[in-house]
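Data block below; observations after.
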Amino acid sequence: MPFLFNISRLGVVHSSSLNCMSRGRHLLSGKSAYSVDPLTEVAVHPFVEVSFQNTVYHTSTADGSHPCWNEELQVDLIELFHCKAWDICPKGCSGHSYVRKNWLGSVMFPFSTLLEQSKICGTFQVNLPPVLLGYTWSKTYVPPKEECYGQNLKEYTFLTIFATIEPQLSSAENSFQSDKLADHEDEMLLQRACIFKKTCKALFPKRRIITSVFNSEGRNILVTKYITSLNPPQQLLDMYSDDPYSTSDLISRFVSLIPCISDTVDENDDVDVWVTSEHCIGLGVGNKEEHAVLLCNYLLHLGKKAWVLLGTSVLDGKVAYVATQENGEYFLWNPLSGQYYKQFDAFCPLQSVDCLISWENVWFNIQQNSSPMCVSFDISKEGFWKQLLPYNFQNAKTQTVQPEELYYVPTNESLVQELQNRIEKTLRNKIMEWRSRQPTRWHRQCTSVLRQILPKLELRTGSITTEKEETYMDPILEHYWVTGFPIQMPYLNVQSITEAVYQTGIHSSEVPNTEFALAVYIHPYPNNILSVWIYLASLIHLQ
């Protein structure tokens, strides 16, 4: 679905969507989580909402699993675009017709990204919950136009978006020069780093490069000193001791659960402040680069060849990823989502590969095309990569600012239980408050079932439910039409969780006698890093 936003007004054009789910009862078949019962499959009526703060714009309603809108929405200046896919379900009751909106998924991008890039255009994978009760994948599959390189995309939904600002605006330029600050590092190296950065910026002004940063004490430090092998929590290493791939996935997920805070010093990479991985874990928050450094150090501990990668993303603007080389292939890890992509994945959100950082050196990409699919990651080729330090420096490992070992503190499980109960109580009260003009009834049996399912979702990192878990819902599905989903997020505060639930719109059902179920589960990791799961469902009694 494409969107066009104008800003003074922002224009978002929603053109089309591929592979929306169909309504129908979940059936298990083979490797797929759910197959379609042709007798129960019902066409969806999807539309797209663009929301920010408390303002919502939406397209018209289309029909079927592959809708096309080609509509322009004009939006006033905003901070965060939240494009949500919905299904409208007409429901007849006692001669009256009611509308029920079911949230299907979302694509989000901050306004700062649009400001930096002037436009956002492409086909993006919609973030879907791991389970959508009441929906199943349609029998018809329409592949996206992009080259898929053999990927099985039948159980993915895509949204085509075009967003732009009119008239064109630009972010404020920062004339602050970081090299004017007092340096406590080797003066010759820092001077070399400053000259190297200016030279690279002269070659490709829009590409990102960071050669030195300031630590928490205000000292100027070469970025190479932040990269070193560091041990993840032992419980993560023990969970899949015989499966290195699952261990890598789990560790990436752990890093993604650390809340991310935006840089407040400077957005132009002229002045960057990084804390060590020890401080990042201890504080329980970090910026984009600190997340990437932590994940890179963990993957080095697992024996992988890894670099911190600086670049830009279509949806997120300036980003820091981790690149790894395994069995001749390159993988790109997003430390904020926990996902990784192969280099030639057409739907990897990374748009530009600008710079690589390791404990040895900093490499700047001087290839004409910086797209991940076109870049050669062979850093030994001087015609492709410009390096900060000469070869005689690389073998002499510089002193790191990181500790030799990270120590972790167990999370107090009784406090986690108290927080879990408080969040559930708060969400119940909020849903009743949002439905102040209608009675809100809670279905205890369904709530009990959802509480049993949530811990199992965390253990499978949000993958599909098993047949045994799905049968938990059978007694309820015999008497109710159930729609719902689990959502998962890092714990920052209760307000952010409440906002996430509100954005799903599950409370907005107009159908009389709708019942609701709500369950909350918090999975604790060391150092008070928490994975929060909320399972929401609405139930309508079958007439």
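The values are calculated or read from the model by the stated rules, or taken from the named source; none is laboratory data. Only a predicted model underlies this, so the values are computations on that prediction, with no experimental measurement involved. Because the Cβ atoms are built from the backbone with ideal geometry, glycine has one as well, and the counts that use them run over all protein chains shown. Accessible surface areas use protein heavy atoms only, side chains included; no ligands, DNA or RNA. Shrake-Rupley method; radii C 1.70, N 1.55, O 1.52, S 1.80 Å.
Taking region 184-214 as the range and being aliphatic (A, V, I, L, M), out of contact with any Asp or Glu (no Cβ under 6 Å at 6 or more places or on another chain) and at pLDDT 90 or above as the test, the residues that pass are 193, 195, 202, 203, 209. Tell me, which residue of region 387-396 that is open to solvent by 70 Å² or more (accessible area, probe 1.4 Å) and not in a loop (DSSP other than H, G, I, E, B) is modelled with the highest pLDDT? Of everything passing the filter in region 387-396, 391 is modelled with the highest pLDDT.
Of all residues in region 430-443, those satisfying the criterion of being in a helix (DSSP H, G or I) and surrounded by 12 or more Cβ atoms within 10 Å (Cβ to Cβ) are 430, 431, 432, 434.
Being open to solvent by 80 Å² or more (accessible area, probe 1.4 Å) and part of a strand (DSSP E or B): is that true of residue 417 here? Give the steps one after another, and end with the answer.
Working: open to solvent by 80 Å² or more (accessible area, probe 1.4 Å): yes; part of a strand (DSSP E or B): no.
No: the conditions fail for residue 417.
Of the residues 511, 482, 501, only one is within 28 Å of residue 281 (Cα to Cα) and open to solvent by less than 40 Å² (accessible area, probe 1.4 Å); which? Step through it out loud before you land on a result.
Numbers: 511 fails: within 28 Å of residue 281 (Cα to Cα); 482 fails: within 28 Å of residue 281 (Cα to Cα).
Residue meeting the stated conditions: 501.
Just to be sure, is residue 399 open to solvent by 100 Å² or more (accessible area, probe 1.4 Å) and in a loop (DSSP other than H, G, I, E, B)? For residue 399, the condition - open to solvent by 100 Å² or more (accessible area, probe 1.4 Å) and in a loop (DSSP other than H, G, I, E, B) - is met.
Here is a yes/no grid of residues against (1) touching a residue at least 60 places away in the same chain (Cβ under 8 Å); (2) aromatic (Phe, Trp, Tyr); (3) farther than 12 Å from residue 275 by Cα:
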residue	(1), (2), (3)
195	no, no, yes
203	yes, no, yes
211	yes, no, yes
216	yes, no, no
219	no, no, no
229	yes, no, yes
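Condition check ((1) farther than 30 Å from residue 519 by Cα; (2) out of contact with any Phe, Trp or Tyr (no Cβ under 6 Å at 6 or more places or on another chain); (3) open to solvent by 40 Å² or more (accessible area, probe 1.4 Å)) across all residues:
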residue	(1), (2), (3)
358	yes, no, no
364	yes, yes, no
371	yes, yes, no
384	yes, yes, yes
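The residues of region 292-326 that are farther than 20 Å from residue 237 by Cα, open to solvent by 20 Å² or more (accessible area, probe 1.4 Å) and in a strand (DSSP E or B), listed by number, are 312, 318, 325.
In this structure, residue 527 does not satisfy being over 30 Å from residue 280 (Cβ atoms) and either surrounded by 21 or more Cβ atoms within 10 Å (Cβ to Cβ) or of a type outside the set (Asp, Glu) (or both). Scanning region 327-355 for residues that are open to solvent by less than 30 Å² (accessible area, probe 1.4 Å) and either of a type in the set (D, E, K, R) or in contact with a Gly (Cβ under 8 Å, 6 or more places away or on another chain) (or both) yields a total of 6.
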